[in-house]
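> Okay, here's the structure, questions in a sec.
The values are calculated or read from the model by the stated rules, or taken from the named source; none is laboratory data. The model shown is predicted, which means the values in this text are computed figures rather than measured ones. For neighbour counting, all protein chains shown are included, and Cβ atoms are generated from backbone atoms with ideal geometry for every residue, glycine included. To get the accessible areas, we keep the full protein, side chains included, count just its heavy atoms, and leave off ligands, DNA and RNA. Shrake-Rupley method; radii C 1.70, N 1.55, O 1.52, S 1.80 Å.
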Amino acid sequence: LLAFLDAYLQLQWIDQYQQGNLVTDPVCGMRISRAHAITYEHDENRYFFCADSCRQRFIAGPDQFVG
């Protein structure tokens, strides 16, 4: 039972099981869970970040990250 529970809880970290929940930080390229991401809205679009430092870099110069 403990092995099953451990495997079940780790599914949140395996990309193939989280395809609909993963987003990419436009600054560093890290794939992160949408539920745990820091967000920022720019030009009516929502962007997701792994950390506040990436969000701050984006805010300082969004044109270099938005293609």
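> Take the residues in region 19-64 that are out of contact with any Cys (no Cβ under 6 Å at 6 or more places or on another chain), assigned to a loop (DSSP other than H, G, I, E, B) and surrounded by fewer than 16 Cβ atoms within 10 Å (Cβ to Cβ); name whichever of them is modelled with the lowest pLDDT.
Result: GLN19.
> Could you give every pair whose Cβ atoms fall below 6 Å, whose first residue belongs to region 37-63 and is within 11 Å of ASP25 (Cα to Cα), and whose second residue is open to solvent by 80 Å² or more (accessible area, probe 1.4 Å), counting only separations of at least 6 or pairs across chains?
THR39/ARG46; CYS50/MET30
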